[in-house]
Amino acid sequence: MLKTGFVLSLILIMFLGSRAQTNTDTLNQQNKDGQKIGYWKKYNEDGLFVYEGRFEQGIPIGDFIYYYPDERVKARSYFYDKGSKTKTSTYHYSGELMTEGFYQNKKKDSLWFYFDMSGTLLKQESYKNNKKDGQWIVYYPDSLIQEEISWSIGKKNGPWNDFYPNGALKTEGYYANDKQQGEIKIYFETGVLGVTGTYEQSKKQGEWIYRDEEGVVVTTEYYEAGRKIKK
């Protein structure tokens, strides 16, 4: 009887040990080529939890969670299209959403949004292959637009508008190949036109007219290649 009990206990110990070994074997594994496979929990050299997620032949797949040192969630990423594309959300330490956007081949792509700790949208950016591309918008705390500008492959290209906190247009201009180009208009907060002029390659050119808040011309200046000239 004692012998039978000993055998059963030994079998139970071996079974539990086998289960523990199986669980361990499915964590942080690599294939014969050294590629990460299965479920991974990454810790840094100080023993702090960094991230968790799954790999297939070294490629991250599906949901990944990244952590602050005290294991609060720092970011969440969803990998798809064989790991080449990622939708990522990062979080303030307090837990509120901080940024949200996409990566393609580990480079920023498409729209990115940035929020303060109260959830207010601060700015909207657009990227292509990690370069600024498309319309960028900055917002005031009350969600009114502060500035909007167009980019093309890392360079400012297109309309540029700047606004007062009350929403009134402050400045309207244009960029070409990262240089201010063409007519620029600057307004008073009341909407009265204050300044008109022209840029060529970010240098003042030709006639510039300055007005007071009543719209009356105060002075007129002339420029050539950014240098003020007499006329």
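Among the listed residues Thr190, Thr171, identify the single one that is closer than 22 Å to Gln146 by Cβ, part of a loop (DSSP other than H, G, I, E, B) and modelled with pLDDT of 95 or more. Exactly one of Thr190, Thr171 is closer than 22 Å to Gln146 by Cβ, part of a loop (DSSP other than H, G, I, E, B) and modelled with pLDDT of 95 or more, namely Thr190.
Quick check on my filter: what residues within region 60-78 are aliphatic (A, V, I, L, M) and under 18 Å from Gly38 (Cα atoms)? Answer for region 60-78, where residues must be aliphatic (A, V, I, L, M) and under 18 Å from Gly38 (Cα atoms): Ile61, Ile65. Count, please, the residues in region 178-210 that happen to be surrounded by 18 or more Cβ atoms within 10 Å (Cβ to Cβ), farther than 20 Å from Lys230 by Cβ and not hydroxyl-bearing (Ser, Thr, Tyr). Number satisfying all stated conditions: 4. In the set (1) part of a loop (DSSP other than H, G, I, E, B); (2) farther than 24 Å from Ile149 by Cβ; (3) among the acidic types (Asp, Glu), Glu207 fails one condition alone, (1). Could you grab me the full set of residues in region 121-146 that are surrounded by 14 or more Cβ atoms within 10 Å (Cβ to Cβ), assigned to a loop (DSSP other than H, G, I, E, B) and not aromatic (Phe, Trp, Tyr)? The answer is Asn130, Asp133.
Residue selection: Glu221 fails the criterion of being part of a loop (DSSP other than H, G, I, E, B), more than 30 Å from Ser110 (Cα to Cα), modelled with pLDDT of 95 or more and outside the structural domain of Lys108 (by TED's automatic domain parsing). Taking the conditions (1) surrounded by 14 or more Cβ atoms within 10 Å (Cβ to Cβ); (2) more than 25 Å from the chain's Cα centre (by Cα) in turn, Lys156 satisfies each one other than (2).
Within region 80-99, the set of residues being small (Gly, Ala, Ser) and either assigned to a strand (DSSP E or B) or touching a residue at least 60 places away in the same chain (Cβ under 8 Å) (or both) comprises Ser89 only. Selection of region 104-116 for residues being of a type outside the set (S, T, N, Q) and touching a Phe, Trp or Tyr at 6+ places or on another chain (Cβ under 9 Å) yields Lys107, Lys108, Asp109, Leu111, Trp112.
Let's see how each residue does on (1) touching a strand residue (DSSP E or B) at 6+ places or on another chain (Cβ under 6 Å); (2) surrounded by 10 or more Cβ atoms within 10 Å (Cβ to Cβ); (3) among the charged types (D, E, K, R); (4) modelled with pLDDT of 50 or more:
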{"residue": "Leu10", "(1), (2), (3), (4)": "no, yes, no, no"}
{"residue": "Ile13", "(1), (2), (3), (4)": "no, yes, no, no"}
{"residue": "Tyr39", "(1), (2), (3), (4)": "yes, yes, no, yes"}
{"residue": "Leu48", "(1), (2), (3), (4)": "no, yes, no, yes"}
{"residue": "Ile61", "(1), (2), (3), (4)": "yes, yes, no, yes"}
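Selection over region 55-72 of residues that are among the hydroxyl-bearing types (Ser, Thr, Tyr) and part of a loop (DSSP other than H, G, I, E, B) gives a count of 1.
Every condition in (1) outside the structural domain of Ala176 (by TED's automatic domain parsing); (2) within 30 Å of Tyr174 (Cα to Cα) holds for Glu148 except the one numbered (1). Kindly establish whether Tyr66 is in contact with an Asp or Glu (Cβ under 8 Å, 6 or more places away or on another chain) and either among the basic types (Lys, Arg) or free of Cβ contacts under 8 Å to residues at least 24 places away in the same chain (or both). Taking the combined requirement at face value, the residue does not satisfy it.
The values are calculated or read from the model by the stated rules, or taken from the named source; none is laboratory data. Here the structure is a predicted model, which means the values were calculated and not measured. When we count neighbours, we look across all protein chains shown, and the Cβ atoms used for this are built from the backbone with ideal geometry, even at glycine.
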